[in-house]
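First the structure, in the form of structure tokens, and then the observations on it.
The values are calculated or read from the model by the stated rules, or taken from the named source; none is laboratory data. Since this is a predicted model, take the numbers as computed values, not measurements. Cβ coordinates were reconstructed from backbone atoms using ideal geometry, including for glycine residues, and neighbour counts include every protein chain displayed. Surface areas here come from the heavy atoms of the whole protein model, side chains and all, with no ligands, DNA or RNA. Shrake-Rupley method; radii C 1.70, N 1.55, O 1.52, S 1.80 Å.
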Amino acid sequence: MFKGITKRWVLNTLCAIVAVIVLVVVCLSYIVTTYYYSSVEQTLSGRSVELANILSGYSSDKDAGFSSTARDYVENFREKENMEITVITSSGNILVTSTGFTPDNNTPMPDYDSAKSSSSGYAKWIGKLSSGEKVTAVTRIVRSSEGNPVCAIRYVSSMHSVDRMLGITISAFCLVGLIIIALVILSGTYFIRSIVRPVRVISDTAKKIALGDFNATIDKMYDDEIGDLCDSINDMAKELGAAERMKNDFISSVSHELRTPLTAIKGWAETMHGCGIPDQETFEKGMDIIVKESTRLTGIVEELLDFSRMQNENMVLRKEKLDVLAELDEVLYMMRDRAINEGKHLLYDEPEPVSPVMADKNKLKQVFLNIVDNALKYTPAEGVVGIQVLFEEGYIKVIVTDTGCGIAPDDLPRVKDKFFKANQSVRGSGIGLAIADEIIRQHGGTLDIESGIGVGTTVTIALPALEE
Ligand code: ADP
């Protein structure tokens, strides 16, 4: 009937609350019943003491005046309506009753029988008369000052009105208990709905997101933990959507990156193959392009392999003691022609020798290549790319500054994220900086980027220097 959270609530909370309320109602009913019944007995007992004090002045029920005293008291008793008094002689005969009728000798009087045999001379009885009426009866044996039994006095009171009163009181307790349970069920149902409904919506939306619908969002219904969960799922869908878009952009960028050199290689190969033996100049130009584009292709594939190794945390560094300046020189040597061809100024003043570093030669060159390549790529013709090497606080710092387009403040924190490209129209896969950052991090260094739109970009690579 119930399932999930509702079932748990019914079993854990509702059952416990109902059990506690039933227990409280039972305890209260018991206490009130005991209180009312003992009050009746106390009243009867009090009255019996009063009469016993009067009659104990006689040494026996044969004394002159005993009978008239007892009759007088009984006849003038003011609470006849509420209780019945019976005076029983020591021989067991009923001397007088406040009702005026002498009861049948067969009427059971268990309290009288018990009082006779009890040392205290007092006993009570709660039970039903032959008429079906429920009564409380107390009997007190009256003794003279010498200790001889004089008579027995019996007080009987009907429990009808007390039971009626108790019935009303206990019904009131039950009613209050039921009202409390009803309120608990109402508020519990509201509370469960306020959880179950949004959870269902969240679960449906999560399924949609899992199926690739990253535009699915949840309306925030409450400003609480559930609301926070809705926000988190909406954020997650947004992030997944962005990641999906980045992945698609990445695939198309990489395909484009691969296609450009492949088209050039294929074109030149076909030219040389289809047109017979080309002249020397054409042959050299073609071969030159084929070699250059193959190298570029290899570079792209290497970058992709590195990225995949980085993702699988499989990147292995072969560290050795090396001179940063020598590696940087090699990279700049490769870049110089390109800068000249593109009409950009590559400025590098060879600095004083610096301490060696422990690094992976190829990986370090790859980082320098990537940073200088970016600087040239995003700097227009006539722009300047400057390279500086410093030794500061135990670190060798390679600083590459350009006067290019710069990076928008919103994009700056994300440029080191994988697949992120601030500028979709420029060639590139968006993973170069992510790989460079990871390589430098694995060398115990840092890669920081400062940039401003239209001002240019400064990339600082800091590597821990070896003590000489
Ligand atoms: P890509 O291969 O696309 O250049 P990177 O990871 O190397 O990928 O760079 C990520 C993004 O950072 C680039 O798409 C570009 O928008 C931005 N970026 C990197 N270097 C520079 C720079 N020197 N000037 C301007 N933008 C840059």
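Of the residues that sit in the range 372-402 and are closer than 21 Å to residue 343 by Cα and of a type in the set (Ser, Thr, Tyr), which one is least open to solvent (accessible area, probe 1.4 Å)? Taking the candidates together, the pick is 379. Pull up the range 235-250, narrow it to residues that are modelled with pLDDT under 90 and either of a type in the set (S, T, N, Q) or open to solvent by less than 90 Å² (accessible area, probe 1.4 Å) (or both), then point me to the one that is farthest from residue 292 (Cα to Cα). Going through the qualifying residues, I end up with 242. For the structure I just gave you, tell me whether residue 102 is open to solvent by 50 Å² or more (accessible area, probe 1.4 Å) and either closer than 22 Å to residue 75 by Cα or not β-branched (Val, Ile, Thr) (or both). Here the answer is yes, as residue 102 does meet what is asked. Of all residues in the range 446-468 being in a strand (DSSP E or B) and of a type in the set (A, V, I, L, M, F, W, C), which is farthest from the ligand (Cβ to nearest atom)? Only one residue fits best here, namely 465. The condition of being of a type in the set (Ser, Thr, Tyr), more than 25 Å from residue 239 (Cβ to Cβ) and open to solvent by 10 Å² or more (accessible area, probe 1.4 Å) holds for residue 458. Is there a residue in the range 388-406 that is part of a helix (DSSP H, G or I), near the ligand (Cβ under 8 Å from one of its atoms) and under 48 Å from the mean Cα position of the chain (by Cα)? No; the residues of the range 388-406 include none that is part of a helix (DSSP H, G or I), near the ligand (Cβ under 8 Å from one of its atoms) and under 48 Å from the mean Cα position of the chain (by Cα).
Do the conditions hold for residue 336, that is, is it in contact with a Leu (Cβ under 8 Å, 6 or more places away or on another chain), open to solvent by 90 Å² or more (accessible area, probe 1.4 Å) and modelled with pLDDT of 90 or more? When the stated conditions are applied, residue 336 passes them.
The residue list 223, 279, 288 contains one member that is closer than 30 Å to residue 194 by Cα and either free of Cβ contacts under 8 Å to residues at least 24 places away in the same chain or surrounded by fewer than 16 Cβ atoms within 10 Å (Cβ to Cβ) (or both), which is 223. On the stretch given as the range 154-207, residues that are within 19 Å of the chain's Cα centre (by Cα) and modelled with pLDDT of 95 or more total 0. Taking the criterion of being at negative phi and touching a strand residue (DSSP E or B) at 6+ places or on another chain (Cβ under 6 Å), would at least one residue in the range 26-42 satisfy it? Within the range 26-42, one or more residues are at negative phi and touching a strand residue (DSSP E or B) at 6+ places or on another chain (Cβ under 6 Å). When residue 205 is tested against (1) in contact with a Lys or Arg (Cβ under 7 Å, 6 or more places away or on another chain); (2) of a type in the set (S, T, N, Q); (3) assigned to a helix (DSSP H, G or I), only condition (1) is not met. Between 440, 431, the distinction of being more than 8 Å from the ligand (Cβ to nearest atom) and either under 24 Å from residue 309 (Cα atoms) or touching a residue at least 60 places away in the same chain (Cβ under 8 Å) (or both) belongs to 440 only.
Being in contact with a Pro (Cβ under 8 Å, 6 or more places away or on another chain), hydroxyl-bearing (Ser, Thr, Tyr) and in a helix (DSSP H, G or I) is a description that applies to residue 294.
If you check residue 422 against the conditions, is it open to solvent by 50 Å² or more (accessible area, probe 1.4 Å), near the ligand (Cβ under 7 Å from one of its atoms) and within 20 Å of residue 247 (Cβ to Cβ)? Yes; evaluated as a whole, the condition is true for this residue.
Counting only strands (runs of 3 or more DSSP E) wholly contained in the range 110-191, the ones carrying 3 or more residues that are open to solvent by 40 Å² or more (accessible area, probe 1.4 Å) occupy 122-128, 134-143.
Restricted to the range 364-374, and to residues there that are in contact with a Leu (Cβ under 9 Å, 6 or more places away or on another chain) and in contact (Cβ under 8 Å) with a residue 40 or more places away in the chain, the residue that is nearest to the ligand (Cβ to nearest atom) is 374.
Candidates 229, 211: the one that is at pLDDT 90 or above and loosely packed, with under 13 Cβ neighbours inside 10 Å is 211.
Let's see how each residue does on (1) among the small types (Gly, Ala, Ser); (2) at pLDDT below 90:
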position: 47; (1), (2): no, no
position: 64; (1), (2): yes, yes
position: 80; (1), (2): no, yes
position: 108; (1), (2): no, yes
position: 115; (1), (2): yes, no
position: 130; (1), (2): yes, yes
position: 138; (1), (2): no, no
position: 142; (1), (2): no, no
